[in-house]
Amino acid sequence: MTSPSRWPMFCATAWEGVAASQYGLLCDPIKCHWSELGELGNEYWPGGYEYTISTVKWLKCARDGCPWCRFLTKRFLRCMRRQCNEWRVEVCVKVGRYLWSQGDDQGIIIVVNGYEQYFSILTTEGDPAARWIKNRILIPHVGWPYALAEAKMCVEECIREHPQCQAITPYPTGSAPLPTRLIDCSNPGCLRLVETNPGMRGMYIALSYVWGEDQPHLTTKANLSSYKDRIDPAILPQTLLDVIHVTRALGINLLWIDGLCIVQDSAKDMHHELGRMRDVYRHAFVTIDAGSAAKVSEGFLQDRTLDPIPEAVLPFVLPPGNPAAQSADEGRVGMVDLVGERVAYSTWHDSVNVDGKPLSHTVSRGWCLQERLLSTRSLVFTSQTLQLRCHTKTQNVGGARHDGYYDVPRLPDAVFHPDRHVAPGSDEWKHIHERWREIVRDYTRRKLSNPSDRLVAISALAEMFAPTLGLGYLTGFWRNNLPFDLLWSCRSPCSLSLTEYRGPSWSWVYTDNSVSWRYDWEIGVPFAEIIDCTVTLQNRDLPFGPVTGASLILRSSLLPCK
């Protein structure tokens, strides 16, 4: 085995010890839980690699530029000075694999004189260390050819290897019914709007994005004919140009964008297309979620900044005995990043990243919820990286770890199979109904540019749930569970819709607030009986859309007021 030469600036103690031992990753794991450290002390940390260095030498090596010693002083010196009553002559350093690391989440714990910190260890796919380090660095260059090629492979893997996604896909790949209109992207310099015929099938991509501003390029009655001949790319905002680029990179020529594929000043066309919204996203080959763009002019393919930057970038000595390694690999050195636990992986939460920036703007917009949930799979361009979200899982393109704790839950499998009977009141029915309430909770905290869209922007989801929960859909409620559904409450002081009618006062549609419910089992038996409930639709072609009136008659016992 050829020993690699000492890395530039590394002190002999660090290079011949902790670096040569691969930072303790290949030793027995450290078994003591971090919370016990204060009581048990360093001697209760079996496993890992340990060494002792004088404080004077440690600080001198850090001043001389040793990357490892500088890293330790940055993370531990202030803590030691603050908490120690006296300055220690020696520093005891222990580093090892974190016992609770799961799957590809490789973590290490570093303990310096009894003070511990946890880090994830990552590398890139092509680095020599990748054979040993499973964690990958988030892809920041989301628009580069290699990133889009990786994304394409993830989509193809989903189609080929995800039984759960296959089970909810209504048509084989390439044979889905096409929407009324699509953008032909086969010639990026000469885009055009194409109208399909009933029964035409093929593959297309759909876009989910935040408008955020006026769009003068929208399709109207006046420009519909000219758009069929040519759409000048120069008039399109950056987000639309970016999605055209991604569409072509994925090998698809047809693209659906609401602003271009719906005639915006035609009420007839608008109602017709809104009635098909469920199928547009259900049948798309993939949906592009432009989450990082706050408005349509921003675009979403900019390079991401991995902020904060890694705590340390360190050499990783390839260990001996790697059966996959060639003889030429002996003595080679890869590179790894040590990243603090908070930023070692991406999340998909509806709030903010650790640096206070929104992870995605689409998670705060009302229309985007049903676009996400109805899509079989989505390529999500977050503010951090690029992800594939499908019915099976959410994964970072490139293999970086993703924490799925905050993922928006998927739709229940039953709603994708409307012919399957689910008995009202059964445990499965209750679970599906509770999922509808969770969707409403999420939806009502989101923003709508036009408050009158309160019902229509969730109508495609209601259409999905209707065969399972029952056809009695009443302005956001279901007739089979109406006594309990009426017991909604605002999560903040109610702001009522008084300027225009969008729904009855007994429906959550009437408010601009986020709403919630108590669990039905907490309420018990309702004291009210539904005698009659009716709604008057604004348009019969939109049975789950806006209403112009509603009435509700209840029978209940009167209680004395005190």
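General observations
- Helix 427-444 axis, angle to the chain major axis (alpha carbon atoms, nearest 10°): 90 degrees
- Structural descriptor for the chain: relative contact order 13 percent, calculated from alpha carbon pairs under 8 angstrom and at least 6 residues apart.
- Equivalent ellipsoid, the chain (semi-axes from 5 times Cα gyration tensor eigenvalues, Å): 52, 32, 21
- Spatial extent of the stretch 131-272: Rg and Dmax, with the Cα atoms as the point set, Å: 17.4, 61
- Here the stretch 103-138 and the stretch 172-207 have alpha carbon centers that stand 44 Å from each other.
- Each of THR220 and ASN197 was given a label point 7 Å from its Cα along the Cα-to-Cβ line. The distance between the two points is 3.2 nm.
- Pairs of Cα atoms nearer than 8 Å and 6+ residues apart set the relative contact order; for the stretch 448-545 it is 31 percent.
- In this label model, ASP64 and ALA294 are separated by 4.9 nm, measuring between points 7 Å along each Cα→Cβ vector.
- Dipole of the stretch 432-477 computed with +1 at Lys/Arg Cβ and -1 at Asp/Glu Cβ about the Cα centre; of SER459, SER449, HIS433, farthest Cα towards the positive end is SER449.
- If R0 is taken as 25 Å, the Cβ-Cβ distance between GLU157 and SER186 corresponds to a FRET efficiency of 0.45.
- Angle between the chain longest axis and helix 459-469 axis [Cα atoms, degrees, rounded to 10]: 80 degrees
- Sorting 151-159, 263-271 by their mean Cβ neighbour count within 10 Å, with the most densely packed peptide first, gives 151-159, 263-271.
- Taking 20 Å as the limit for the C-alpha separation, the pairs LYS152/LYS295; LYS74/LYS134; LYS74/LYS94 exceed it in the case of LYS152/LYS295; LYS74/LYS134.
- Selection among ALA151, VAL380, PRO177 by position relative to the dipole of the chain gives VAL380 as farthest towards the positive end (Cβ unit charges, Cα centre).
- Folded to 0 to 90 degrees: helix 238-249 orientation relative to the chain principal axis, Cα: 70 degrees
- Separation of the ILE531 and SER452 label points, Cα + 7 Å toward Cβ, nm: 3.3 nm
- In plain terms, if you count all Cα to Cα distances in the stretch 198-291 and split them into 5 Å steps from zero, the share in each step is 2, 11, 22, 25, 24, 13, 2, 0 percent.
- Charge dipole of the stretch 385-430 (Cα centre as origin; +1 on each Lys and Arg Cβ, -1 on each Asp and Glu Cβ, all else neutral): 180 debye, rounded to the nearest 20.
- With R₀ set to 22 Å, the beta-carbon distance separating MET9 from THR52 gives a calculated FRET efficiency near 0.55.
- Loop-resident GluC sites (Glu not before Pro) (DSSP state other than H, G, I, E or B) in the stretch 467-562 with no more than 13 further Cβ atoms inside 10 Å of their Cβ: GLU500.
- Accessible area of the stretch 194-295 divided out per residue, in Å², using a probe of 1.4 angstrom: 41 Å²
- Solvent-accessible heavy-atom area per residue, rounded to whole Å², over the stretch 133-188 at 1.4 Å: 44 Å²
- By average C-beta atoms within 10 angstrom, highest first, the peptides 199-205, 291-297, 431-437, 445-451: 291-297, 431-437, 199-205, 445-451
- Per residue, in Å², the accessible surface of the stretch 463-562 once ligands and nucleic acids are set aside, probe 1.4 Å: 60 Å²
- Accessible area of the chain belonging to carbon and sulfur atoms, whole % at 1.4 Å probe: 52 percent
- When peptides 116-125, 383-392, 540-549 are sorted by average Cβ neighbour count within 10 Å, with the highest value leading, the order is 383-392, 116-125, 540-549.
The values are calculated or read from the model by the stated rules, or taken from the named source; none is laboratory data. Only a predicted model underlies this, so the values are computations on that prediction, with no experimental measurement involved. Neighbour counts are summed over all protein chains in view; Cβ atoms, including those assigned to glycine, are modelled from backbone coordinates with ideal geometry. Areas reflect the complete protein model, heavy atoms only, side chains present, ligands, DNA and RNA absent. Shrake-Rupley method; radii C 1.70, N 1.55, O 1.52, S 1.80 Å.
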